[in-house]
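Participant: Pasting in a structure now, in structure tokens, and then I'll have a few things to ask.
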Amino acid sequence: MSSESIFPSPANLSRETVAVTAGRPAREPDAPVNPPIVLSSTFHGTGTPVPGERVYGRFSNPTWDPFEEALSELEGAELPALVFASGLAAVAAALSLVPVGGVLVMPRHSYQGSLLLAAEEAANGRFTVRTVDVADTEDVVAALRGSAAWTADGFGPASMLWIESPTNPMLEVAEIEVLTRAAHEAGALVVADNTFSTPLVTRPLELGADVVLHSVTKYLAGHSDVVLGALATSSGELRTRLHSYRSLHGSIGGPFEVWLALRGLRTLALRVQRSQATAGLLAQRLVDHPGVEAVRYPGLPGDAGHERAAKQMDGFGSILCIEVAGGAAAAEAVAEKVRLWLPATSLGGVESLIERRRRQPAEPQSVPENLLRLSVGIEDAEDLWDDLAQALAR
């Protein structure tokens, strides 16, 4: 990118504006408004490579730069982000920062892929995992410190704290700033999965996290048509380690997919604003629906995480969960009877998705059998409500 790029963005720009303006080409006569797609596996070079030289397509690509710069600006990172082949590839890179023989403290309710990969690493003897209720601050701090209640594993203080807030799919809210401070006091790094919130709603780096993770597949790209992940950090040392992991393991995104993700990022603010407003409306109505036993949404005043969410989030997100009266069969029936909502996994796209999470065999047993996760899209709110209402009534 040219030095005339607006990276880093002026401090007075809102993140809504940054999502549109960041990563643009320099303003020159006849220059394109959008960055081009560069399809090349290798780059010109002679002699010993110098820092910053592209060399080979596994190390760098000009198409990645604009997206990485834009995400970095949105998250408030001091260095360009790193894009990965998938959200799980980014998870694997982040977990590589846990030292051999170390301790990972992770929410018991997290992205399923993160839990499975951490469990696999633990089974292979690479590190130990302590799963916690991330909303229980005292217990998380005890796990970080290796207090008496957590010494059965034979290990001491934690090496890394993994945060999801709100969690997937239970929507528990962590006290991010308190937990990051406690983690650093224990000598642990903090990785925060910000996929659910996006940097428009929560900015974990500002709350003390060391690395922020995204499944770009979800809200950032926003159209259910690419699979990508990303990591952002302000630490040069951590970024170098993560970049080395990406290069060595070949977990890179294709130029076309990254270009699509940047195009999706341009409308992130509008999509989040619309879907978040609709999620709040639906949550309020579902609370009083006789076919619903419980509603999980941090925007509800009665939600256990409401106070924390109001303090550290700019809004309450676009995901809500309901527990359907009548058990698993009734919940499955609702997912089958909707006509506008799409019964599918994933989230964060323009279309509204619904899924009974326990249909996934690896979902934690603590997730209720009758829980439906609703990823609210940008359709008309009343149309979405009418479709849900008819499915619940049937």
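The values are calculated or read from the model by the stated rules, or taken from the named source; none is laboratory data. Keep in mind it's a predicted model, so treat the numbers as computed, not measured. Counting neighbours? That spans all protein chains shown, and the Cβs are built from the backbone with ideal geometry, glycine included. Calculation scope for accessible area: heavy atoms of the full protein, side chains included, ligands and nucleic acids excluded. Shrake-Rupley method; radii C 1.70, N 1.55, O 1.52, S 1.80 Å.
Participant: What number of residues within region 139-161 are open to solvent by less than 10 Å² (accessible area, probe 1.4 Å) and in contact (Cβ under 8 Å) with a residue 40 or more places away in the chain?
Facilitator: 5
Participant: Ok, one more. What about residue 25, is it in contact with a helix residue (DSSP H, G or I) (Cβ under 9 Å, 6 or more places away or on another chain), open to solvent by less than 10 Å² (accessible area, probe 1.4 Å) and either of a type outside the set (A, V, I, L, M) or not in a loop (DSSP other than H, G, I, E, B) (or both)?
Facilitator: It is false that residue 25 is in contact with a helix residue (DSSP H, G or I) (Cβ under 9 Å, 6 or more places away or on another chain), open to solvent by less than 10 Å² (accessible area, probe 1.4 Å) and either of a type outside the set (A, V, I, L, M) or not in a loop (DSSP other than H, G, I, E, B) (or both).
Participant: Inside region 303-324, can you point out the residues that are open to solvent by 30 Å² or more (accessible area, probe 1.4 Å), hydrophobic (A, V, I, L, M, F, W, C) and within 16 Å of the chain's Cα centre (by Cα)?
Facilitator: The answer is 316, and nothing else.
Participant: Which of (1) among the hydrophobic types (A, V, I, L, M, F, W, C); (2) under 30 Å from residue 307 (Cβ atoms); (3) within 21 Å of the chain's Cα centre (by Cα); (4) part of a helix (DSSP H, G or I) is the odd one out, the single condition residue 117 does not satisfy?
Facilitator: (2)
Participant: With 392, 340, 384, 300 as the choices, which residue is in contact with a Phe, Trp or Tyr (Cβ under 8 Å, 6 or more places away or on another chain) and surrounded by 15 or more Cβ atoms within 10 Å (Cβ to Cβ)?
Facilitator: Only one candidate passes the filter, namely 384.
Participant: Has region 162-176 got any residue that is over 16 Å from residue 309 (Cα atoms), assigned to a strand (DSSP E or B) and open to solvent by 10 Å² or more (accessible area, probe 1.4 Å)?
Facilitator: Looking through region 162-176, none of the residues is over 16 Å from residue 309 (Cα atoms), assigned to a strand (DSSP E or B) and open to solvent by 10 Å² or more (accessible area, probe 1.4 Å).
Participant: I'd like the residue in region 238-255 that is within 21 Å of the chain's Cα centre (by Cα), assigned to a helix (DSSP H, G or I) and of a type in the set (A, V, I, L, M, F, W, C) and, out of all such residues, is surrounded by the fewest Cβ atoms within 10 Å (Cβ to Cβ).
Facilitator: Among them, the one singled out is 238.
Participant: Just need a number here: residues in region 183-209 that are assigned to a helix (DSSP H, G or I) and open to solvent by 10 Å² or more (accessible area, probe 1.4 Å).
Facilitator: 5
Participant: Scan region 370-381 residue by residue and report those that are more than 24 Å from the chain's Cα centre (by Cα), surrounded by 17 or more Cβ atoms within 10 Å (Cβ to Cβ) and not in a helix (DSSP H, G or I).
Facilitator: Hit for region 370-381 is 370, nothing else.
Yes/no matrix, rows are residues, columns are (1) over 17 Å from the mean Cα position of the chain (by Cα); (2) within 23 Å of residue 101 (Cβ to Cβ):
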{"site": "206", "(1), (2)": "no, no"}
{"site": "211", "(1), (2)": "no, yes"}
{"site": "222", "(1), (2)": "no, no"}
{"site": "226", "(1), (2)": "no, no"}
{"site": "236", "(1), (2)": "yes, no"}
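Participant: Going through region 210-230 one residue at a time, which ones are open to solvent by 10 Å² or more (accessible area, probe 1.4 Å) and either acidic (Asp, Glu) or part of a strand (DSSP E or B) (or both)?
Facilitator: The answer is 210, 215, 225.
Participant: Would you confirm whether or not region 354-362 contains a residue that is assigned to a strand (DSSP E or B) and open to solvent by less than 10 Å² (accessible area, probe 1.4 Å)?
Facilitator: Yes, because at least one residue in region 354-362 is assigned to a strand (DSSP E or B) and open to solvent by less than 10 Å² (accessible area, probe 1.4 Å).
Participant: Would you tally the residues in region 91-115 being open to solvent by 10 Å² or more (accessible area, probe 1.4 Å), under 16 Å from residue 134 (Cα atoms) and among the polar types (S, T, N, Q)?
Facilitator: Residues flagged as open to solvent by 10 Å² or more (accessible area, probe 1.4 Å), under 16 Å from residue 134 (Cα atoms) and among the polar types (S, T, N, Q) within region 91-115 amount to 1.
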